[in-house]
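A.B. asks: Just dropping this structure here.
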Amino acid sequence: MVVRTQTEKVVAARKLVLEFLLLNHPLDCPVCDQAGECFLQDYSFKYGHAHSRFIEEKRVRANEDLGCGVVINHNRCIMCTRCVRFTSEIVGTGELFVQNRGYHNKIAFFQGKQLDNPLAGNVADICPVGALLLKDYVHSTRVWHLSQTPSACTECATGCSITVDAAHNRIYRIISRENEKANGYFICDDGRYAFHKYQEDTLTEPLVKAKKGWNGLTWDQAYQTAVERIEKHGGKDAVRALASPTYPNESIFLLGQLMHRLSEKKNLALIPVKQEKDQVFTSGFKINGDKGGNRRGAQDLLGNRLAAGPKSFLKDKVGVLLLMDADGRTKMTADLKRLIEASPFAVVLACKHSPLTKLADLVLPIAGPFEREGTITNSEGLVQWLQPALQIRGPARPDWQVVAELDQHLTGEGGLYAFAGDVTWKINQTIAAYSQATRFKLGEKGQFVTGVE
Amino acid sequence: MATVVKTYEPRFWDRIYIVAIAQGLLITLGRIFRRKDTIRYPEERHVPPQGYRGLHRLNKHEDGRIKCVACEMCQTACPAHCIDIEPSAAPWEEGEERYPVKFDIDLLRCIYCGFCEIACPKDAIELTEIYDFSAYARDDLVIDMDGLLKVYDLTKDGNVYERHNRGEIIEVPITR
């Protein structure tokens, strides 16, 4: 059988179909946020007429709020019902349906029950035209100004592949990136809107606690303070560290090496991170309840050097604490608070102000989640490359660099690394299971690690 | 190849300069009775030909709303990257749902090619005939949205220089 797709007859038929689709479509591309990535716009250019033969008035309906930060512009809708099928087949909640039939049909939600599910933002992504819009993105920029950075989400242990759309060092939106190894086609709203919370209360310079408030320091002064305090309070042997499972493998690995050089004891644990219930949807998409996105990576790299938790440090006398703040998701447990109280000096690596930084004595500003570079391992063991979408703000430094420089100041050992890929290479060399997870083999889709002892 | 330089030794009549001065004054005398090539700027101003591309303006609807919908086509088309637009949802109920809250044009960077007015789907940006805008600082030659709308008010009733020469308006442009 031969199927011809480009004959005159076929093209004519397509033109007719498009004419019907454009009967009520406003063609307000200059105003529409979908312009530039709109299928209907592309087909209009290819098959459309410059003028409509439809002499009646176009149907006009008001915009409607669908809930969950999604707005529908009924005029632009072409009734493909992708959003309806998404809520029923992927999420399983089925809030949306097609109301009325024929000329009067429109997308609507069942009486009084708006969109209410943690995947709702995806309907704006899958909408082929500009009918479904995200409130926080609408009228903010045009898509062709955005530079798209393929990266991974660290908000939970699912580790979804994402595309970060940024321009002028500002993130405008985050959309899902197809990756059958990680998330499939969708991302959750927590990850989609995560960038908003990292835009405020950011830390830009090293801070040391003074009698009143905080004093700014240069990086050299900050490292010097840390070294002096460690010598003063029990020496290297008494230093304890809590690594954050939200940071890339690179900084966790370097922290592990640093702590190993300081003492043979189990002086390293993971900081408690907020836990929720796992959410699994009809399609199998899973929002992991573990909000430490790189817990698997931290466990793989640190292995049996990990102590049980903050509680296990309380048995001995605690010296200086090295803490990594889990990007504001640190769970301030009683044990953690007691540990910080017991310690004479707490050094915290953080990208923004959080309850943990308030308790700290020295705060070192590091790159935020979308400024980081490195690898993360999700709960299934998929290693993905985190690509920075933003430049690091002000004097803040990459997380791996801060740990490496601390190592230099404390022990005088530890390699000098020029960029994150150097540390990745070191991990490939050191950890057998990660030997294949090199920067170039990871690509955009990542690679599974196997056989971790 | 060597260049031969011709030397000229002035003679007596050349040295007293009277002949040369008289010749120059004769030319001046001749010019007095001819049509003047100069104009008495700024009292009188040159009227550029139709299609001249000068200072930009942002057009308004009849009810005073800005025509621009901040689609950023002009910014995209601009080869000099001199336009900076910040879109926002429009405050009015009727009409377009999007409008610019910031519309800056760097007049020093602009090359006055007119691509922006060709790209504009709403006929909102246009280049006017105004050519004499100047300032003491570079920053003053970045015109903002208010300035561009003022240019529209000034130029909507016909060529400003013709009207100026007729004595209808005295003030010509405005930058920030």
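The values are calculated or read from the model by the stated rules, or taken from the named source; none is laboratory data. These numbers were taken from a predicted model, which means no experiment stands behind them. Note that we place each Cβ from the backbone using ideal geometry, even for glycine, and neighbour counts take in every protein chain shown.
A.B. asks: Just one of (1) closer than 30 Å to A:Gly191 by Cα; (2) away from chain B (no Cβ under 14 Å); (3) polar (S, T, N, Q) trips up A:Ser52, so point out which.
C.D. replies: Tallying (1) closer than 30 Å to A:Gly191 by Cα; (2) away from chain B (no Cβ under 14 Å); (3) polar (S, T, N, Q), A:Ser52 fails exactly one: (1).
A.B. asks: I've got another one for you. Could you name every one of the strands (runs of 3 or more DSSP E) located completely within the range B:1-112 that has at least 2 residues being more than 13 Å from chain A (Cβ to nearest Cβ) and aromatic (Phe, Trp, Tyr)?
C.D. replies: Numbers: elements: B:56-58, B:83-89, B:98-106.
By residue number, no strands (runs of 3 or more DSSP E) qualify.
A.B. asks: Quick one: how many residues across the range A:9-35 are of a type in the set (Asp, Glu), outside any helix (DSSP H, G or I) and either over 37 Å from the mean Cα position of the chain (by Cα) or modelled with pLDDT of 90 or more (or both)? Break it down stepwise before answering.
C.D. replies: Quick first cut of the range A:9-35, residues of a type in the set (Asp, Glu) only: A:19, A:28, A:33.
Filter again for outside any helix (DSSP H, G or I), leaving A:28, A:33.
Narrowing further to those that are either over 37 Å from the mean Cα position of the chain (by Cα) or modelled with pLDDT of 90 or more (or both): A:33.
Number satisfying all stated conditions: 1.
A.B. asks: Taking the range A:255-280 on its own, how many of its residues are within 13 Å of A:Leu301 (Cα to Cα) and either β-branched (Val, Ile, Thr) or under 22 Å from the mean Cα position of the chain (by Cα) (or both)?
C.D. replies: The qualifying residues number 1.
A.B. asks: Hey, another quick one. Which of (1) in contact (Cβ under 8 Å) with a residue 60 or more places away in the chain; (2) within 14 Å of chain B (Cβ to nearest Cβ); (3) surrounded by 17 or more Cβ atoms within 10 Å (Cβ to Cβ) is the odd one out, the single condition A:Cys29 does not satisfy?
C.D. replies: The one condition A:Cys29 does not meet is (1).
A.B. asks: So which of A:Ala298, A:Ala389 ends up being in contact (Cβ under 8 Å) with a residue 40 or more places away in the chain and either surrounded by fewer than 19 Cβ atoms within 10 Å (Cβ to Cβ) or part of a loop (DSSP other than H, G, I, E, B) (or both)? Reasoning before the result, please.
C.D. replies: Details: A:Ala298 fails: either surrounded by fewer than 19 Cβ atoms within 10 Å (Cβ to Cβ) or part of a loop (DSSP other than H, G, I, E, B) (or both).
Going through A:Ala298, A:Ala389 in turn, the sole match is A:Ala389.
A.B. asks: Turning to a different aspect of this structure: Restricting to the range A:55-71, and then to whatever is in a loop (DSSP other than H, G, I, E, B) and out of contact with any helix residue (DSSP H, G or I) (no Cβ under 8 Å at 6 or more places or on another chain), can you tell me which residue is nearest to A:Val123 (Cα to Cα)? Even if it seems obvious, please write down each step before you answer.
C.D. replies: The first filter runs over the range A:55-71 and keeps only residues in a loop (DSSP other than H, G, I, E, B), leaving A:55-63, A:68-69.
When the remaining residues are screened for being out of contact with any helix residue (DSSP H, G or I) (no Cβ under 8 Å at 6 or more places or on another chain), the result is A:55-57.
Values: A:Ile55: 33, A:Glu56: 31, A:Glu57: 29 Å.
Checked the range A:55-71; the qualifying residue nearest to A:Val123 (Cα to Cα) is A:Glu57.
A.B. asks: For the range A:163-173, name all the residues that are farther than 23 Å from A:Thr330 by Cβ and in a strand (DSSP E or B). Don't jump to the end; show me each part of the working.
C.D. replies: Within the range A:163-173, the subset farther than 23 Å from A:Thr330 by Cβ is A:163-170, A:172-173.
Across the range A:163-173, the qualifying residues are A:Thr163, A:Val164, A:Asp165, A:Ala166, A:Ala167, A:Arg170, A:Tyr172, A:Arg173.
A.B. asks: Oh, and also: From the list A:Asp116, A:Asp136, which one is in a loop (DSSP other than H, G, I, E, B), farther than 23 Å from A:Asp42 by Cβ, more than 14 Å from every other protein chain (Cβ to nearest Cβ) and not hydrophobic (A, V, I, L, M, F, W, C)?
C.D. replies: Values: A:Asp136 fails: more than 14 Å from every other protein chain (Cβ to nearest Cβ).
Criteria check complete, one pass: A:Asp116.
A.B. asks: Please give the number of the condition A:Glu405 fails out of (1) more than 23 Å from A:Ile174 (Cα to Cα); (2) at pLDDT below 90.
C.D. replies: (2)
A.B. asks: Identify the residue in the range A:167-201 that is of a type in the set (A, V, I, L, M) and touching a helix residue (DSSP H, G or I) at 6+ places or on another chain (Cβ under 9 Å) and, among all such residues, is nearest to A:Glu371 (Cα to Cα).
C.D. replies: As a first pass, look at the range A:167-201 and keep what is of a type in the set (A, V, I, L, M): A:167, A:171, A:174-175, A:182, A:187, A:194.
The next check asks that each one be touching a helix residue (DSSP H, G or I) at 6+ places or on another chain (Cβ under 9 Å); those that pass are A:167, A:171, A:174-175, A:187.
Values: A:Ala167: 14, A:Ile171: 11, A:Ile174: 14, A:Ile175: 17, A:Ile187: 20 Å.
Taking the candidates together, the pick is A:Ile171.
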